[in-house]
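Report on the structure given below.
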Amino acid sequence: MNKKFYSTSEVLTKVRVSRNTLFLWFKHHKIAEVRRDRNNHRIFTAHDIQRILHYKNKLIPPAKALSGGG
């Protein structure tokens, strides 16, 4: 098995979001958690990066984007 893994800093560069944003997406379950190495650091696959990009570029219809209604 010769799968390429990416570090958090590599993913931040590819996805172009801040570290805080990425970690908040994990915390609020906006994106699924990823694997971790033996030091408990997150490790990402190319598929994980695609899922993050998909969430980042997701469009929300205007009616659902409004939190209130008034």
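The values are calculated or read from the model by the stated rules, or taken from the named source; none is laboratory data. Computed from a prediction, not measured in an experiment: that's the story for all the values here. Methodologically, a virtual Cβ is constructed for each residue, glycine included, from the backbone with ideal geometry; neighbour enumeration extends over all protein chains shown.
Descriptive notes on the structure:
- Of the helices (runs of 4 or more DSSP H) lying entirely inside the stretch 1-62, the ones with 1 or more residues being of a type in the set (S, T, Y) and over 11 Å from the mean Cα position of the chain (by Cα) are found at 8-15.
- Condition check for A65 on (1) loosely packed, with under 14 Cβ neighbours inside 10 Å; (2) modelled with pLDDT of 95 or more: one failure, at (2).
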